[in-house]
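Here's the structure we're looking at; comments come further down.
The values are calculated or read from the model by the stated rules, or taken from the named source; none is laboratory data. Remember, predicted model here, so these are calculated numbers, not experimental data. When we count neighbours, we look across all protein chains shown, and the Cβ atoms used for this are built from the backbone with ideal geometry, even at glycine. Note: areas computed on protein heavy atoms with side chains; ligands, DNA, RNA excluded. Shrake-Rupley method; radii C 1.70, N 1.55, O 1.52, S 1.80 Å.
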Amino acid sequence: MRQPWRLDERGQRVLDASLAGFLVFTAVAGTLLGGFDPAVGLLCLVQFVPLFWRRHHPVASATVVVAASLLQAVVLDEPIWGQVAFPVAVYSVARFASARWGFAVLAVGVIGAGVSSYDWLSPYPTAGTPTAYTAYFLSIAAIVAAAWALGTLGRTRAAYVASLVERGERLEREAVQQAQLAAQDERARIAREMHDVVAHGLSVIVVQADGARYASAKDPAAATTALQTISETGRDALTEMRRMLGLLRSDGGSGTAPQPGLVDLLHLVDETRASGMDLVAHLPDPMPEVAEGVGLTVYRIAQEALTNVRKHAGVAHVRLDLAHRNGELRLDVADDGRGAAARSDGKGLGLLGMRERVTVHGGTLTAAPADGGGFAVSARIPT
C-alpha cells in the first residue's frame with residue numbers, strides 16, 4: 001500500500017525557511033524600492049521574522065506577531081503587508097501547540113479583528129456605519145477562523161496518524177512476541193516428542209543389546225532374535241524422528257504423516273513384551289474413536305510410562321489398562337518394581353511432558369510411588 005506523501009524533517013525546515021524568507025524579502029525589497037515607508041517596513045520585518053520559528057516555538061512566535069500587530073494599531077490607522085503574518089501565526093499555534101493555546105489565539109484574533117476594523121475605518125466617517133463595520137469585522141474574523149480551523153484539523157490529523165503508527169508498532173511487537181511464544185511452544189512440543197521416541201527406542205535397544213551379549217555364547221538363536229528386535233526398534237524410532245523433523249522443513253514435503261494413535265498401542269505392547277518385560281495389557285476391542293490429539297497423548301503417556309519402568313523399576317511385573325467410560329479415556333500403568341527407591345538423574349522430561357500433554361486436553365495425571373510398592377501412572381482425559 002502506498003504511503004501518503006509527507007514532508008520529512010528537512011523538508012519542513014526548507015518550507016518554513018522559504019515562507020518566512022519570502023515574506024522578509026518582500027518587506028525589505030518594498031522598503032528599499034520605496035513602496036513601503038521605513039516605519040511600515042520595520043513593522044513588517046518584526047511581524048515576519050518570528051515565522052522562522054513558528055513550528056518549534058509557535059506560542060512565542062505568535063506572541064511577537066500579536067505584539068507587533070498591537071503596535072501597528074497604535075501607530076498606524078491602516079492595514080499593512082505585515083498583516084499576512086497574523087493568520088500564519090494563528091495557524092501555527094493551532095497546528096503545532098495544544099488545543100488550549102489554539103483557542104486562546106483564536107480569541108485574540110477575533111478581538112484583534114474587532115479592534116482593527118474600528119481602527120482602520122475610523123478615518124472614514126462615511127464608512128464607519130454599523131453595516132460597514134460588521135462586514136469588515138466578519139471578513140477579518142473569517143480569515144482568522146479559517147487559519148485556526150486549518151491548523152486544528154492538521155493537529156488532529158497528525159495526532160490520529162501518530163496513534164495509528166503507535167498502534168501498528170504495538171501490533172508488530174505483539175506479533176513478534178506471539179511468534180516467539182509459538183516457537184517456544186513448538187520447541188517444547190518437539191522436545192517432548194523427541195524425548196518419548198528416543199528414550200523409548202534406546203531403552204529397548206539397550207535392554208536387547210545386553211540380553212544378546214549375555215545370550216550369544218549359550219543361545220545364538222536368542223541373540224539373533226534380540227538383534228532383530230534392536231533393528232526393528234531402531235528403524236521405528238528413526239521413522240518417527242523423520243516424521244517429526246519433517247514438520248520443521250520449510251521446503252518440500254508436507255510434514256503431515258500421521259502420528260501414533262490408540263491403535264498403535266497394540267504394537268507398543270508387542271514391542272515391549274518382545275524386549276523381555278513382563279507386561280499384562282487390557283485394551284478395549286475395538287479401540288474407541290477419539291480425536292487424533294487425544295490418541296497421540298495416550299500413546300505417548302503409555303510409551304513414557306513403560307520406558308520409565310524399563311529404566312527405573314528393575315525386574316518388575318507391569319499392568320497396563322485402557323478404558324473408555326462416561327466420556328473419559330482412562331489409562332493406568334502400574335508396576336511392582338523399586339518405586340520410591342528408584343533413583344532419578346534429575347534430567348528427565350518424561351513426567352513433565354506427560355502432565356503437559358494431559359493438561360492441554362483438560363485432563364488430569366497422577367504419577368507417584370504406589371502404596372504397596374512399585375510405581376503407578378494414571379491419566380484421565382475427557383473425550
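Reported count of residues in the stretch 270-283, each being at pLDDT 90 or above and either surrounded by fewer than 16 Cβ atoms within 10 Å (Cβ to Cβ) or under 46 Å from the mean Cα position of the chain (by Cα) (or both), is 3. Pairing residues of the stretch 175-190 that are under 22 Å from T297 (Cα atoms) with residues that are open to solvent by 60 Å² or more (accessible area, probe 1.4 Å) and modelled with pLDDT of 70 or more, at Cβ distances under 8 Å and at least 6 apart in sequence or on separate chains, gives A188/E356. If we scan the stretch 67-81, do we find a residue that is touching a Leu at 6+ places or on another chain (Cβ under 9 Å), touching a residue at least 60 places away in the same chain (Cβ under 8 Å), β-branched (V, I, T) and open to solvent by 40 Å² or more (accessible area, probe 1.4 Å)? Checking the stretch 67-81: not a single residue is touching a Leu at 6+ places or on another chain (Cβ under 9 Å), touching a residue at least 60 places away in the same chain (Cβ under 8 Å), β-branched (V, I, T) and open to solvent by 40 Å² or more (accessible area, probe 1.4 Å).
Residues in the stretch 154-163 that are under 19 Å from the mean Cα position of the chain (by Cα) and modelled with pLDDT under 85: A162 alone.
The residue list A162, A149, A113 contains one member that is within 26 Å of L71 (Cβ to Cβ) and part of a helix (DSSP H, G or I), which is A113.
Quick one: would you say V105 is in contact (Cβ under 8 Å) with a residue 24 or more places away in the chain and farther than 17 Å from E78 by Cα? Against the criterion (in contact (Cβ under 8 Å) with a residue 24 or more places away in the chain and farther than 17 Å from E78 by Cα), V105 qualifies. Filtering the stretch 11-41 to residues that are closer than 17 Å to S69 by Cα and touching a Gly at 6+ places or on another chain (Cβ under 8 Å) leaves A27, F36, V40, G41. Within the stretch 287-304, being buried (at least 21 other Cβ atoms within 10 Å of the Cβ) and small (G, A, S) holds for G295, A302.
Looking at this structure, is R343 surrounded by 20 or more Cβ atoms within 10 Å (Cβ to Cβ), outside any strand (DSSP E or B), at pLDDT below 85 and over 37 Å from the mean Cα position of the chain (by Cα)? No: the conditions fail for R343. With respect to the conditions (1) touching a Ser or Thr at 6+ places or on another chain (Cβ under 8 Å); (2) part of a helix (DSSP H, G or I); (3) farther than 23 Å from W120 by Cβ; (4) of a type outside the set (S, T, Y), V40 lacks only one, and its number is (3).
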